[in-house]
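Novice: Take this structure first; my questions come after.
The values are calculated or read from the model by the stated rules, or taken from the named source; none is laboratory data. What you are looking at is a predicted structure, and each value in this text was computed from that prediction instead of being measured. Every residue, glycine among them, receives a Cβ derived from its backbone with ideal geometry; neighbour counts consider all protein chains shown. Heads up: the accessible areas ignore ligands, DNA and RNA and are worked out on the full protein's heavy atoms, side chains in. Shrake-Rupley method; radii C 1.70, N 1.55, O 1.52, S 1.80 Å.
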Amino acid sequence: MLRRSVGECRVPVEAAAVFVLSHVKAWHAPPQLGLLVATSLARQAHAALSFSASSMDFADAEFSKSSVVRQVWRSQNPGKISDLRLVTEELHPPPHGEIRVVIKAIGLNFADVATCLGLYSAAPKGVYTPGLEFAGIVDAVGEGVDALSVGDRVLGLTRFGAYSSHINIPSKYVRSFPENWSFSEAASFPVQGLTMVYALRELGNVQRGQTVLVHSAAGGCGTFALGICKSLKVHVVATVGSDDKVKHLLEYWGEDFLPPERIIVRGVGAPFKQQLEASLASLRVEGFDCILDAVLGDYFLPAYDKLSRGGRYIVYGASSMMPHGNRPNWLTLAWKYFRRPILDPLKMMGENKNIMRSNNLLGAYMLLNHNASFVA
């Protein structure tokens, strides 16, 4: 399962790794890259500041409206994960309409890794701090903020900048979360959870009894997608990248909702097109009403061919394009780019199929601006 607590990883790094792996909680990047990020951050922290887990506790920060000294991960320019540096700086009190949060847990997302590698077009130019989602405790409130108070437990979305000990953020991008959620669970929710709500309900308009293909179903977005589909009583065909994830899906969701014949291990056994046809045959339908794809590559066209007339193909990632290492191999990426699938718009009109691009952060922001609330 790609989404898991970084605190559960076992890596032989310095004592600083304890801090990084315990405070950088939830991640859903490719395993090699996620582990590389955690290891890289830990080693840099150890070299720069020589602190351990016991030397810094965000929960002990004093509640104050004065400036605070914070620590933040920063890079001068995207391109290499190892260019991230832990720096110390002053954070001024929150201005009008904003709050300051002592961050307890952050999400390590696919977009964060892509940003560090210089592969995310929506990333800031020049100096940047990764991080799109977080959870923590409000420790200062700016003027004009009435809905939140010092001491509230909150989760939030930010257009980068969450990889820090404290953050100032407009209160409209922050919400309280249920008491039975941990900080790790809260930090894992905003980007992936709202991305899937936006994709399935707003873009996909998925209805009861329809059939949905969910790529990377054992990952973070895939898990949220399956939960939403189950609540909508939707039929699901799920794809994963390895056999061990099949066992996880069966144990977690049960065969009543997701039987083995509707779980596909991509690239194993028959060609992907035949795998899709077999799963559709088990449902006695000819095509998918909606497809959620964060993989692309060689799996795009076979799935697109099985999209029903009027169906919605929603793309929200391209993991097949991601490198595995500290920095991209541009020749390899260029080769993949020039081999990418290309569709004919004129033919698409006759087929009556829809392709939509879901920007993870944009969809989440849209839902927050519609006053989305989080319940247990």
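Novice: If you average the alpha carbon positions of the stretch 246-285 and of the stretch 169-234, how far apart do those two centres end up, in angstrom?
Specialist: Here the two parts' Cα centres lie 21 Å apart.
Novice: Cross-link list 125/306; 125/347; 230/306; 125/273: which exceed 29 angstrom alpha carbon to alpha carbon?
Specialist: 125/306; 125/347; 125/273
Novice: Can I ask one more? Can you pull the percent of the stretch 229-318's accessible area that's carbon plus sulfur, 1.4 Å probe, other chains left in place?
Specialist: About 48 percent, which is the carbon plus sulfur part of the accessible surface.
Novice: Given a Förster distance of 45 angstrom, what is the FRET efficiency for residue 268 paired with residue 77, based on the Cβ-Cβ distance and rounded to 0.05?
Specialist: The pair residue 268/residue 77 has a calculated efficiency of 0.70.
Novice: Something else: Taking a 1.4 Å probe, which of 166, 96, 248 shows the most accessible area, and what order do the others take after it?
Specialist: Putting 166, 96, 248 in descending order of accessible area: 96, 248, 166.
Novice: Would you pull out the residues with amide H under 5 Å of residue 104's amide H, same chain only if 5 or more places away, H placed 1.01 Å from N?
Specialist: 135, 136, 137
Novice: Keeping all protein chains in the complex and leaving out DNA, RNA and ligands, what accessible area do you get for residue 344 with a 1.4 Å probe, in Å² to the nearest 10?
Specialist: 80 Å²
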